[in-house]
Amino acid sequence: MSLIRHLFTATDFSDPSRQAVDRAFSLARLTGARCTVLHALGLDALGPLRDLLGEEAVPVATRVLENARARLREFVAVPARDHGVAPELLVEEGLATSVVPRRTAEPDADLVVVGSRSDSHLRRLLIGSTTSRLLRKSLCPVLVVQTAWQGPYRRALVAVDFSPAAVLALQLTRELAPDAHIELLHIFDVPFEGMLRTAGVAPDVINGYRSQARQRALQQLHELVAQAGLDRDRCTVSVEHGDAASAIIEHARHRHNELLVMGKHGTHVTEELLLGSVTRRVLGECAADALVVVDRKPPPPQA
């Protein structure tokens, strides 16, 4: 049974959002999923006009909405872009930072496809305000598109930390990139390694701990491959010791991965909290498309 039955994508008609819509259409064709394209006006079309125009505010606001719908229809009506997909089109009043997370929180949303601002400095700082907020609030996987569509994904890197979302991440990768070579990467550190060094524990003993940790991780990765039903001939597993963000970025660059898959833990964090530091840094510095998979933990009980 397909994991992706309904996907959303959002556009502000910028080049980054065009890339996201292109990818969304191709994935809808690949998975057979429904596709909804959403455009937020960026304002309350009626509110600012009421005082200015009086009775004329309503028809003017109506024309603003109609013009936006016409532009959206024209935007998606490109045979080279739509892949034969007949999307549902939505135009809503309000800022994208509010409209997109609210709409994509609907129970039947299985995937959200959004663009990332192309300016590298801004991307490092914010990852784009709408995308950043969506990543923090989303209850379903989010695909951040950072490259122009050039066909199906051929190489995918899945950063595995053995969280409950790991199997889902691999299954989604297989569904969104069925013909891709998939690399599972786990980055580990020996618990209290710095403390052990300070305490004078011999380097060969610490290296022994590293070797044991590496072997355990390799065994777990092979078990995940089997659990997710991956073809062993089309995937590899890697275990490295060190800084997680640096290792993921280096692997993605060196192996020319087009799709990077990571997890996001917990969905009950408040909007003010930042996205996890590893995920945030990787999104800011890595040029590949990134699928962020939610670990669907229930919210904490109310006091």
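The values are calculated or read from the model by the stated rules, or taken from the named source; none is laboratory data. Given the structure is predicted, the values throughout are model-derived calculations rather than measurements. Glycine also receives a Cβ, built like all others from the backbone with ideal geometry; neighbour counts cover every protein chain displayed.
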Which residue pairs have Cβ atoms under 7 Å apart, sit 6 or more places apart or on different chains, and have a first residue in the stretch 59-70 that is in the same structural domain as GLY94 (by TED's automatic domain parsing) and a second that is surrounded by fewer than 15 Cβ atoms within 10 Å (Cβ to Cβ) and part of a helix (DSSP H, G or I)?
VAL60/LEU53
Selection within the stretch 49-76 - at pLDDT 85 or above and not β-branched (Val, Ile, Thr)
GLU66, ASN67, ALA68, ARG69, ALA70, ARG71, LEU72, ARG73, GLU74, PHE75
For ARG81, indicate whether it is within 12 Å of the chain's Cα centre (by Cα), at pLDDT below 80, assigned to a helix (DSSP H, G or I) and charged (D, E, K, R).
no
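Residue-wise test of (1) surrounded by 14 or more Cβ atoms within 10 Å (Cβ to Cβ); (2) part of a helix (DSSP H, G or I).
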residue: ASP204; (1), (2): no, yes
residue: GLN212; (1), (2): no, yes
residue: LEU218; (1), (2): yes, yes
residue: LEU221; (1), (2): yes, yes
residue: SER238; (1), (2): yes, no
residue: ALA247; (1), (2): yes, yes
residue: GLU250; (1), (2): yes, yes
The one condition in (1) assigned to a helix (DSSP H, G or I); (2) out of contact with any Cys (no Cβ under 9 Å at 6 or more places or on another chain) that PRO178 fails to fulfil:
(1)
Subset of the stretch 175-191 (residues that are out of contact with any Leu (no Cβ under 6 Å at 6 or more places or on another chain), more than 21 Å from THR279 (Cα to Cα), surrounded by 13 or more Cβ atoms within 10 Å (Cβ to Cβ) and of a type outside the set (A, V, I, L, M)):
PRO178, HIS181
The condition from (1) surrounded by fewer than 24 Cβ atoms within 10 Å (Cβ to Cβ); (2) touching a strand residue (DSSP E or B) at 6+ places or on another chain (Cβ under 7 Å); (3) farther than 19 Å from ILE249 by Cβ; (4) hydrophobic (A, V, I, L, M, F, W, C) that PHE162 misses is numbered (2)
Quick check on LEU196: is it in a helix (DSSP H, G or I) and under 32 Å from the mean Cα position of the chain (by Cα)?
no
Considering the stretch 84-98, residues that are modelled with pLDDT of 85 or more and under 22 Å from the mean Cα position of the chain (by Cα), and then whichever is surrounded by the fewest Cβ atoms within 10 Å (Cβ to Cβ), we arrive at GLU88
Would it be correct to say that ALA24 is modelled with pLDDT under 90, part of a helix (DSSP H, G or I), surrounded by 17 or more Cβ atoms within 10 Å (Cβ to Cβ) and among the aliphatic types (A, V, I, L, M)?
no
